[in-house]
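A.B. asks: Have a look at this one.
The values are calculated or read from the model by the stated rules, or taken from the named source; none is laboratory data. Every value quoted in this text rests on a predicted model; they were computed, and no experiment measured them. Every residue, glycine as well, gets a Cβ built from its backbone with ideal geometry; the counts of neighbours run over all protein chains shown. Ligands, DNA and RNA are excluded from the accessible area calculation, which covers all protein heavy atoms including side chains. Shrake-Rupley method; radii C 1.70, N 1.55, O 1.52, S 1.80 Å.
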Amino acid sequence: MAHDEVKHDYHLVNPSPWPLLGSMSLVVLALGAVTFMKGLFGMPQGTWWLMALGFACVAYVMFGWWREVIKESRGGDHTPVVQIGLKYGMILFIASEIMFFVAWFWSFFEFAIFHSARVGASFDATNPLYADALQAVGGQWPPAGVEVFDPFHLPLMNTLVLLLSGTTVTAAHHALQHNNRKSAIFMLAITIVLGISFTGLQVLEYTHAGFSFDGTIYGSAFFMATGFHGAHVVIGTIFLTVCLIRLMTGGMTAKKHLGFEFAAWYWHFVDVVWLFLFAFVYVIPYLVLGH
């Protein structure tokens, strides 16, 4: 149906292959990850090609699906009513991401607060579970022998980099709202550079870690929380890069730039999560050890 024949404010989506292809790609990616980590279907552990295939398929679906969304926007399908629905969807997505990180913070706090209960005198020392808990936690938090990061070196630098990126993305959004495209492009490019810098600094930080993922519960909790945050920074950087390309090619205007708004929301969410990580995963364990 042509757009000029539409008599309502809602967008009735045409049949699309992307949901089905996305589901199939995720299954391949999940099976590939299991194969890579544990081995599956007769393939030995470390087999990487199935996971790479799944990742490539997911990337293709994401590219194709969002390309269709952009085409719908250019075609006039994203009316004010539809935009409200899209905003609600993005808010709910960010809320689900918040709960995702709540799970990792919960596990970290669980180990930190109740480590003495897990290895207290009330437990039977002959119980294998007691021995496992004692070895994993060491009767204290952070566990005995774990050399935590000094939060006021690389982690503090990363914090400043990410906070600065939050100001530059806000400046870019403000410039775009006032139709100052040159400033918007410049500030958004700076934001992307800062996001890449954060990722590089985190990789450098990991190379200096005094603990490993599988060495202690602290290491597992630390790398899961900070690692997933790093993954979100990479995703957010890609999100902003797409916005920059669209901005440079005239795909966004002062009155219509919903994709950039969503990218800015997501980036601010990443900033806030990092502040909690810096405070509770870096600073407090460092102070607890009496540094």
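A.B. asks: Considering the options Leu201, Leu31, Gly259, tell which one lies farthest towards the positive end of the dipole of the chain, charges being +1 on Lys and Arg and -1 on Asp and Glu at the Cβ, about the Cα centre.
C.D. replies: Most positive-ward Cα: Gly259.
A.B. asks: With r as the distance between the Cβ atoms of Ala30 and Phe280 and R0 = 30 Å, compute the FRET efficiency 1/(1 + (r/R0)^6) and round to 0.05.
C.D. replies: Working: r = 30 Å, r/R0 = 1.01.
E(calc), rounded to 0.05, equals 0.50.
A.B. asks: Please check: in the Gaussian network model of the chain (C-alpha springs, under 10 Å), which one of Gly230, Gly46, Gly200 has the largest mean-square fluctuation.
C.D. replies: Gly46
A.B. asks: Then there's this: Relative contact order (percent) for the range 1-113, with alpha-carbon contacts under 8 angstrom and 6 or more residues of separation?
C.D. replies: Values: 81 pairs, mean separation 29.4, N = 113.
Relative CO of the range 1-113 lands at 26 percent.
A.B. asks: What is the helix-to-structure angle for 154-177, meaning the angle in degrees between its Cα long axis and the longest Cα principal axis of the chain, kept from 0 to 90 and rounded to the nearest 10?
C.D. replies: 10 degrees
A.B. asks: Right, here's the next one. Just need the relative contact order of the range 223-287 here, percent rounded to a whole number, with Cα pairs under 8 Å and 6+ apart. Could you put the intermediate results ahead of the total?
C.D. replies: Working: 20 pairs, mean separation 29.3, N = 65.
Value for the range 223-287: 45 percent.
A.B. asks: Pulled fully out, how much extra length does the chain show between Glu110 and Met43, if you take 0.36 nm times their separation in residues and subtract their Cα-Cα distance? List each step's numbers first, then the result.
C.D. replies: Numbers: separation 67, 0.36 × 67 = 24.12 nm, distance 3.68 nm.
Once the chain is fully extended between Glu110 and Met43, it gains 20.4 nm.
A.B. asks: Tell me the label-point distance for the pair Tyr206, Gln140, using the 7 Å Cα-to-Cβ offset, in nm and rounded to one decimal.
C.D. replies: A separation of 2.9 nm, rounded to one decimal place.
A.B. asks: Also, quick follow-up: By average Cβ neighbour count within 10 Å, what is the ranking of 279-288, 162-171, 99-108 from highest down?
C.D. replies: Sorting 279-288, 162-171, 99-108 by mean packing, highest first, produces 162-171, 279-288, 99-108.
A.B. asks: Can you give the Rg/Rh ratio of the range 136-260, where Rg is from the C-alpha atoms and Rh is the Kirkwood radius?
C.D. replies: 1.14
A.B. asks: Please report Rg over Rh for the chain, where both radii come from the alpha carbon positions and Rh follows the Kirkwood definition.
C.D. replies: Values: Rg = 23.1 Å, Rh = 22.1 Å.
With Rg and the Kirkwood Rh in hand, the quotient comes to 1.05.
A.B. asks: Assign unit charges at the C-beta atoms only (+1 for Lys and Arg, -1 for Asp and Glu), then state the dipole size of the range 158-291 relative to its Cα centre in Debye, rounded to the nearest 20.
C.D. replies: Numbers: 5 positive and 4 negative charges, 134 e Å.
Roughly 640 debye, rounded to the nearest 20.
A.B. asks: Keeping the other protein chains in place, figure out the carbon and sulfur percent of the accessible area of the chain, with a 1.4 Å probe.
C.D. replies: Details: 11940 of 16670 Å².
Carbon and sulfur: 72 percent of the exposed surface of the chain.
A.B. asks: Quick one: if you stick a label point 7 Å off each Cα along the C-beta vector at Met224 and Lys255, how many nm between them?
C.D. replies: Calculated label separation equals 4.9 nm.
A.B. asks: With +1 assigned to the C-beta of every Lys and Arg and -1 to the C-beta of every Asp and Glu, and no other charges, what is the dipole magnitude of the chain about the Cα centre in debye, to the nearest 20? Could you put the intermediate results ahead of the total?
C.D. replies: Values: 12 positive and 16 negative charges, 174 e Å.
Around 840 debye, computed over the chain.
A.B. asks: Can you give the accessible area of Ser183 in Å² (nearest 10), computed on protein heavy atoms with a 1.4 Å probe?
C.D. replies: 50 Å²
A.B. asks: Sort out the exposed loop trypsin sites (Lys or Arg not before Pro) in the chain (DSSP loop, at most 10 other Cβ within 10 Å) and tell me the longest stretch that has none. If you can, show how the numbers build up before the last one.
C.D. replies: Working: sites that count: Lys7, Lys255.
That would be 8-254.
A.B. asks: Moving on to the next point. Just to confirm the number: angle between the C-alpha axis of helix 128-137 and the first principal axis of the chain, 0 to 90 degrees, nearest 10?
C.D. replies: Here the helix axis deviates by roughly 70 degrees.
A.B. asks: What is the gain in length, in nm to one decimal, between Leu163 and Arg181 on full extension, counting 0.36 nm per residue of separation less the C-alpha to C-alpha distance?
C.D. replies: 4.2 nm
A.B. asks: Okay, next question. For the chain, what does the relative contact order come out to in percent, with C-alpha contacts under 8 Å and a separation of six or more? Please report the intermediate quantities before stating the final value.
C.D. replies: Values: 273 pairs, mean separation 48.8, N = 291.
Result for the chain is 17 percent.
A.B. asks: Put +1 on the Cβ of every Lys and Arg and -1 on every Asp and Glu Cβ in the chain; which of Leu53, Ala175, Phe105 then has its Cα farthest towards the positive end of the dipole?
C.D. replies: Of the listed residues, the answer is Ala175.
A.B. asks: Excluding ligands, DNA and RNA, what is the solvent-accessible area per residue of the chain at a probe of 1.4 Å, expressed in Å²? Please list the in-between numbers first.
C.D. replies: Values: 16670 Å² over 291 residues.
For the chain, the solvent-accessible area averages 57 Å² per residue.
A.B. asks: Mind checking which of His232, His11, His78 has the largest fluctuation in a GNM of the chain, springs on alpha carbons under 10 Å?
C.D. replies: His11
A.B. asks: Could you check which residue among Gly89, Gly39, Gly259 shows the biggest mean-square fluctuation in a GNM of the chain with a 10 Å Cα cutoff?
C.D. replies: Gly39
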